[in-house]
1. Only residues that are open to solvent by 20 Å² or more (accessible area, probe 1.4 Å) and over 22 Å from the mean Cα position of the chain (by Cα): list them for the range 227-249, please.
2. Of the numbered conditions (1) within 14 Å of the chain's Cα centre (by Cα); (2) free of Cβ contacts under 8 Å to residues at least 60 places away in the same chain, ALA46 fails exactly one; give the number of that condition.
3. Exactly one of (1) within 16 Å of the ligand (Cβ to nearest atom); (2) under 19 Å from HIS92 (Cβ atoms) is unmet by ASP12. Its number?
4. Regarding ARG70, is this residue more than 23 Å from VAL168 (Cβ to Cβ), surrounded by fewer than 15 Cβ atoms within 10 Å (Cβ to Cβ) and more than 14 Å from the ligand (Cβ to nearest atom)?
5. Criterion first (at pLDDT 95 or above, under 21 Å from VAL168 (Cβ atoms) and open to solvent by less than 40 Å² (accessible area, probe 1.4 Å)) does PHE116 satisfy it?
6. Regarding ASN165, is this residue without any contact (Cβ under 8 Å) to a residue 60 or more places away in the chain, outside the structural domain of GLU248 (by TED's automatic domain parsing) and either part of a helix (DSSP H, G or I) or not acidic (Asp, Glu) (or both)?
7. Output the helices (runs of 4 or more DSSP H) that fall wholly within the range 181-253 and possess 1 or more residues being among the acidic types (Asp, Glu), or say none.
8. Does the range 18-43 hold any residues that are touching a residue at least 60 places away in the same chain (Cβ under 8 Å) and hydroxyl-bearing (Ser, Thr, Tyr), and which are they?
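The values are calculated or read from the model by the stated rules, or taken from the named source; none is laboratory data. If you're wondering where the values come from, they're calculated on a predicted model, not measured in any experiment. No Cβ is skipped: glycine too gets one built from the backbone with ideal geometry, and neighbour counts run over all protein chains shown. Just the protein is used for accessible areas: all its heavy atoms, side chains included, with ligands, DNA and RNA removed. Shrake-Rupley method; radii C 1.70, N 1.55, O 1.52, S 1.80 Å.
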Amino acid sequence: MIIITTVREMQDWANETRLQGKRIGCVPTMGFLHKGHGSLISKAAAECTEVVVTIFVNPTQFGPNEDFERYPRNFERDVELAETCGATVIFHPTVSEMYPNHFSTTIHISGVTDKFEGVFRPNHFNGVATVVAKLLLATKPNIAYFGQKDYQQTLVIKRLVSDVNIDVEVSIQPTFREHDNLAMSSRNVYLSPEEREMALVLSQALQTLQRVISAGEKNRTILNNTLQQTIQQIPSAIIDYANVALQETLHEPDVFNAGDSVVALLAVRIGKTRLIDNMLFTMV
Ligand code: AMP
């Protein structure tokens, strides 16, 4: 396992590795790795010769009142988990390495960032797009792996890579869940045992929606109400959004058509913890 902390060394390693004809997979993360990250790393290891896991808690994607300072960190454990899953390199730059004095560039992607997370976390996707561009240009992977867990983020990254011609294949992997269906997240450690129980309402809402969609419902208001009413059964759960939209554009027609590919997107606050989840469906 190689640990690299500077962009220059990272690019030198990537250039050399590509010259040797090896395939580089990259898994960008903010660390505090769990089995969800592990599933991306294992997939990368199955498809690539070298797997770079980037571990960087990116300050620019957090809002002023968000959890940047208290975001959980455990570098030693991350290195162990990453290596067990097949990582060969860890890229772990400091904040000043990524954002030196006079850093002045922000990548803003319009359209897919206009709603949902983009409304509740106004500069979040600028931070994500900018840091992901930097990480991909530093690690130079053939394939970069991202989780469907952050569904809107996957749309942002696909747009980014296409719009600015980053020469990488984007691979989206399914959400890895706990035995009781809670989507794995580094932020789950914030939950008290009672909150952990309440958090199950997110996956329950998605499963309820699945039944309603399977029964043929296509009216968006009814579908959104299904999600929202299930979540409201937990009185202390605060809904940021719980909406059904078209998968590719996030447009929200009043009524969906049979065959439409849709996504249900949830962001719910339980106590001080903000959780997101989503599920993909095809309208019947
Ligand atoms: P994060 O460290 O939370 O920024 O996540 C790093 C990458 O892992 C992102 O592409 C996430 O979408 C992905 N990821 C996070 N949680 C999961 C999960 N439960 N299953 C699959 N991928 C995940």
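1. Residues satisfying the conditions are GLN228, GLN229, GLN232, GLN233, ILE234, PRO235, SER236.
2. (1)
3. Just one mismatch for ASP12, condition (1).
4. yes
5. Numbers: at pLDDT 95 or above: yes; under 21 Å from VAL168 (Cβ atoms): no; open to solvent by less than 40 Å² (accessible area, probe 1.4 Å): yes.
No.
6. Details: without any contact (Cβ under 8 Å) to a residue 60 or more places away in the chain: yes; outside the structural domain of GLU248 (by TED's automatic domain parsing): yes; either part of a helix (DSSP H, G or I) or not acidic (Asp, Glu) (or both): yes.
Yes, satisfied.
7. Details: elements: 193-198, 200-214, 220-232.
Hits in the range 181-253: 193-198.
8. Within the range 18-43, just SER39 meets the criteria.
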